[in-house]
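Heads up: the structure comes next, in structure tokens.
The values are calculated or read from the model by the stated rules, or taken from the named source; none is laboratory data. Not measured: the values here are computed from a predicted model. As a convention, Cβ positions derive from the backbone with ideal geometry for all residues, glycine included, and neighbour counts pool all protein chains shown.
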Amino acid sequence: MLERVITALYQKGIRYYGAGGALGFDAIAAQTVIRLRKSCPGMKLILVLPCLTQTRGWRPEDIDEYERIKAQADKVVYTAQQYTPGCMHKRNRHLVDNSSVCVCYLNRESGGTAYTVDYAEKKGLEIINLAPVQRQKASRQNRRLVHTNKGR
């Protein structure tokens, strides 16, 4: 599904894809962009990393994959040199501030992904959530209804 979404965005003219370097969806997204670059000329992977020590405490095999992805990125940006309590949010805001679309896997109401998607929504980004169960906030549902009714 992620490959189809990225390919569709590429066909709409989006060439630069940012990922946060975390385990899980970030890694899968980066791997997908790396794979698709072979058939999508001009597609670029930009890793936006929270700090130089992001992998502290990770398993060796996860660090190896992180380093492999990092070596294949077209650009690597660090939002902080050392870990601080706010460096992950700073990384997430940087990703949103430099994007027009937010492709995510959001299946919880709280946490870093929820924070980032809320921020992206406030900034007016298109949100594409690949999680099978989408979160439903009453305020979002009402906002969509109000928006839909304005056009009538």
If you take the residues in segment 105-149 that are modelled with pLDDT of 90 or more and charged (D, E, K, R), which one is farthest from residue 86 (Cα to Cα)? 126
Restricting to segment 50-77, and then to whatever is out of contact with any helix residue (DSSP H, G or I) (no Cβ under 7 Å at 6 or more places or on another chain) and of a type in the set (Asp, Glu), can you tell me which residue is surrounded by the fewest Cβ atoms within 10 Å (Cβ to Cβ)? 61
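Quick check on segment 88-128: of everything there that is aromatic (Phe, Trp, Tyr) and free of Cβ contacts under 8 Å to residues at least 60 places away in the same chain, which residue is nearest to residue 8 (Cα to Cα)?
Within segment 88-128, the match that is nearest to residue 8 (Cα to Cα) is 119.
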Filtering segment 7-49 for residues that are surrounded by 12 or more Cβ atoms within 10 Å (Cβ to Cβ) and in a loop (DSSP other than H, G, I, E, B) leaves a count of 8
In this structure, does residue 109 turn out to be under 27 Å from residue 5 (Cα atoms) and assigned to a loop (DSSP other than H, G, I, E, B)? yes
So for segment 121-137 (the condition being of a type in the set (Lys, Arg) and under 11 Å from the mean Cα position of the chain (by Cα)), does at least one residue qualify? no
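Conditions (1) in contact with a Leu (Cβ under 9 Å, 6 or more places away or on another chain); (2) within 17 Å of residue 73 (Cα to Cα); (3) at pLDDT 95 or above; (4) small (Gly, Ala, Ser), marked per residue:
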site	(1), (2), (3), (4)
6	yes, yes, yes, no
16	yes, yes, yes, no
30	yes, yes, yes, yes
35	no, yes, yes, no
Select from segment 38-87 the residues that are touching a Cys at 6+ places or on another chain (Cβ under 6 Å) and over 13 Å from residue 19 (Cβ atoms) and list them in ascending order. 51, 80, 82, 83, 87
Suppose the filter is at pLDDT below 95, under 16 Å from the mean Cα position of the chain (by Cα) and surrounded by 14 or more Cβ atoms within 10 Å (Cβ to Cβ); does residue 92 pass it? no
Of the residues in segment 1-35, those that are touching a residue at least 60 places away in the same chain (Cβ under 8 Å) and of a type in the set (Phe, Trp, Tyr) number 1
